[in-house]
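S.K.: Have a look at the structure that comes next, please.
The values are calculated or read from the model by the stated rules, or taken from the named source; none is laboratory data. What you are looking at is a predicted structure, and each value in this text was computed from that prediction instead of being measured. Note: ideal-geometry Cβ built from the backbone for every residue, glycine included; neighbour counts use all protein chains shown.
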Amino acid sequence: MNWVRTATHPLRTLSPSDSDYSDLDFLPDLVGSARVVALGESTHRVHEFYALRHRMIRYLVTELGFTAVVMESGFPEGLAVNDWVLGGPGSLDTVLSDGITYHMGKCAEMRDQLT
C-alpha cells in the first residue's frame, strides 16, 4: 500500500497583500517542476479559504513565475473576466456579477483578487 506523507506548515498570515512569503517557502519543493497547480477548497464563500488562495496565487505568480490563473466558473462567463483583466470593457461590478458563477463574485475576497 502506498502512503501519502503529509506535513504541516504554519502560516504567518492569510493576508494577500503581505509580500513576506517566508512562510510559503515550502511551496517550491512541493510544486517542483510542475507548470499546473490546482488550488481548491472544501466549500465556497469562506473568507479564510479565499484569502489563502489569493495569497498562494500571488506567490505562484510573483515568486515561481506562473503566468496563467484558471478559476472555477462557467467558460462563457470566464471569457468576460479574462477580457476585463486584460483591459477590456466593462466594470468590475459587472464582471463580478455576470462573469463568475456560483455566486462567488459576491464575495469581497473575489473583488480583491481580481483587482
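S.K.: I'd like the residue in the stretch 68-115 that is of a type in the set (Gly, Ala, Ser) and in a loop (DSSP other than H, G, I, E, B) and, out of all such residues, is surrounded by the fewest Cβ atoms within 10 Å (Cβ to Cβ).
M.R.: Restricting attention to the stretch 68-115, the residues satisfying the condition of being of a type in the set (Gly, Ala, Ser) are 68, 73-74, 78, 80, 87-88, 90-91, 97, 99, 105, 108.
Then keep just the ones that are in a loop (DSSP other than H, G, I, E, B); that gives 68, 73-74, 87-88, 90-91, 99.
Working: ALA68: 8, SER73: 17, GLY74: 12, GLY87: 6, GLY88: 12, GLY90: 13, SER91: 9, GLY99: 24.
Filtering the stretch 68-115 for residues that are of a type in the set (Gly, Ala, Ser) and in a loop (DSSP other than H, G, I, E, B), the one surrounded by the fewest Cβ atoms within 10 Å (Cβ to Cβ) comes out as GLY87.
S.K.: Determine whether LEU27 is touching a Phe, Trp or Tyr at 6+ places or on another chain (Cβ under 9 Å), in contact (Cβ under 8 Å) with a residue 12 or more places away in the chain and over 18 Å from GLN113 (Cα atoms). Give the derivation first.
M.R.: Numbers: touching a Phe, Trp or Tyr at 6+ places or on another chain (Cβ under 9 Å): yes; in contact (Cβ under 8 Å) with a residue 12 or more places away in the chain: yes; over 18 Å from GLN113 (Cα atoms): yes.
It is true that LEU27 is touching a Phe, Trp or Tyr at 6+ places or on another chain (Cβ under 9 Å), in contact (Cβ under 8 Å) with a residue 12 or more places away in the chain and over 18 Å from GLN113 (Cα atoms).
S.K.: Has the stretch 58-65 got any residue that is surrounded by fewer than 17 Cβ atoms within 10 Å (Cβ to Cβ), farther than 15 Å from PRO16 by Cβ and modelled with pLDDT of 95 or more?
M.R.: At the first step, the residues of the stretch 58-65 found to be surrounded by fewer than 17 Cβ atoms within 10 Å (Cβ to Cβ) are 61-65.
Filter once more, keeping what is farther than 15 Å from PRO16 by Cβ: 64-65.
Keeping just the survivors that are modelled with pLDDT of 95 or more gives 64-65.
For the stretch 58-65, residues surrounded by fewer than 17 Cβ atoms within 10 Å (Cβ to Cβ), farther than 15 Å from PRO16 by Cβ and modelled with pLDDT of 95 or more: present.
S.K.: Exactly one of (1) at pLDDT 95 or above; (2) of a type in the set (Gly, Ala, Ser); (3) touching a Gly at 6+ places or on another chain (Cβ under 9 Å) is unmet by GLY99. Its number?
M.R.: All conditions are met except number (1).
Table: residues versus (1) hydrophobic (A, V, I, L, M, F, W, C); (2) in contact with a Pro (Cβ under 8 Å, 6 or more places away or on another chain); (3) under 14 Å from MET110 (Cα atoms).
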| residue | (1), (2), (3) |
| --- | --- |
| THR8 | no, no, no |
| LEU11 | yes, no, no |
| LEU24 | yes, no, no |
| SER33 | no, no, no |
| VAL36 | yes, no, no |
| THR43 | no, no, no |
| VAL46 | yes, no, yes |
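S.K.: For the subset of the stretch 52-107 comprising residues that are under 20 Å from GLY32 (Cα atoms) and of a type in the set (Gly, Ala, Ser), which member is nearest to the chain's Cα centre (by Cα)?
M.R.: Among residues in the stretch 52-107 that are under 20 Å from GLY32 (Cα atoms) and of a type in the set (Gly, Ala, Ser), the one nearest to the chain's Cα centre (by Cα) is ALA68.
S.K.: To continue, here is another question. Give me the pairs: first residue in the stretch 30-46 and at positive phi, second residue at pLDDT below 90, beta-carbon distance under 7 Å, and six or more apart or on different chains, which are they?
M.R.: Close Cβ pairs (under 7 Å, with a partner that is at pLDDT below 90) amount to ARG45/MET104; ARG45/CYS107.
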